[in-house]
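The values are calculated or read from the model by the stated rules, or taken from the named source; none is laboratory data. The shown structure was predicted, so the numbers you read here are calculated from the model rather than taken from an experiment. Cβ placement follows ideal geometry from the backbone for every residue including glycine, while neighbour counts extend to all protein chains displayed. Areas reflect the complete protein model, heavy atoms only, side chains present, ligands, DNA and RNA absent. Shrake-Rupley method; radii C 1.70, N 1.55, O 1.52, S 1.80 Å.
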Amino acid sequence: MTGTPDLLELAKVSAEQAYAPYSRFQVGCAVFTERGGLFTGCNVENASYGLTICAERNAIFHAVSEEGPAMKIATLAVVALGQEFPPCGACRQVIAEFATPETTVWFLRDGKPVAMTMAELLPASFRI
Ligand code: THU
């Protein structure tokens, strides 16, 4: 299971699980790790809006919880039901923590899969 259409499809299935009563944006993410693991996550909102967590961060934290601190993202896909967007800025920083500049991020644009590298999505990322 390494095909990108499959990863986008998995992200879409995860988006169906979203808890998004406030924004109504249902977002799903699928992470394929360098070790061959597959992890998904959806956004989970809160009445205290700032406590909301995005789909990408849920999927990545899920992957770290299962594979441990050495987890590396090979490819990631994000899908929102009825919407199209690349990962938000906060999630780009979290993806970068577990990615290389060559890691590919897939999302939909005009109904078609688009891939961007982390170098393109977050140039000059903060690192310590
Ligand atoms: N959201 C994500 O899950 N990922 C993103 O990259 C952008 C935004 C969620 C957060 C919130 O639940 C809803 O979409 C609207 O911002």
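Residue count for the stretch 77-108 under the criterion of being aliphatic (A, V, I, L, M), over 15 Å from residue 12 (Cα atoms) and assigned to a loop (DSSP other than H, G, I, E, B): the result is 1.
If you go through the stretch 66-76 and keep only what is in a strand (DSSP E or B) and away from the ligand (no atom under 12 Å from the Cβ), you end up with 73, 74, 75.
Condition test on residue 79, is it more than 9 Å from the ligand (Cβ to nearest atom), β-branched (Val, Ile, Thr) and either modelled with pLDDT under 95 or closer than 21 Å to residue 109 by Cβ (or both)? Show your work before the answer.
Numbers: more than 9 Å from the ligand (Cβ to nearest atom): yes; β-branched (Val, Ile, Thr): yes; either modelled with pLDDT under 95 or closer than 21 Å to residue 109 by Cβ (or both): yes.
The answer is yes for residue 79.
Every residue, every condition in (1) on the phi > 0 side of the Ramachandran plot; (2) touching a helix residue (DSSP H, G or I) at 6+ places or on another chain (Cβ under 9 Å); (3) at pLDDT 95 or above, yes or no:
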| site | (1), (2), (3) |
| --- | --- |
| 39 | no, yes, yes |
| 49 | no, no, yes |
| 87 | no, yes, yes |
| 90 | no, yes, yes |
| 116 | no, no, yes |
| 121 | no, yes, yes |
| 124 | yes, no, no |
| 127 | no, yes, no |
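Among the residues of the stretch 22-65, those that are of a type in the set (A, V, I, L, M, F, W, C), more than 8 Å from the ligand (Cβ to nearest atom) and in contact (Cβ under 8 Å) with a residue 12 or more places away in the chain comprise 30, 31, 32, 38, 39, 47, 59, 60, 61, 63, 64.
When the stretch 112-128 is filtered for residues that are open to solvent by 50 Å² or more (accessible area, probe 1.4 Å), touching a residue at least 12 places away in the same chain (Cβ under 8 Å) and assigned to a loop (DSSP other than H, G, I, E, B), the ones remaining, listed by number, are 126, 127. When the stretch 38-97 is filtered for residues that are of a type in the set (S, T, N, Q) and open to solvent by 40 Å² or more (accessible area, probe 1.4 Å), the ones remaining, listed by number, are 40, 46, 48, 52, 58, 65, 83, 93.
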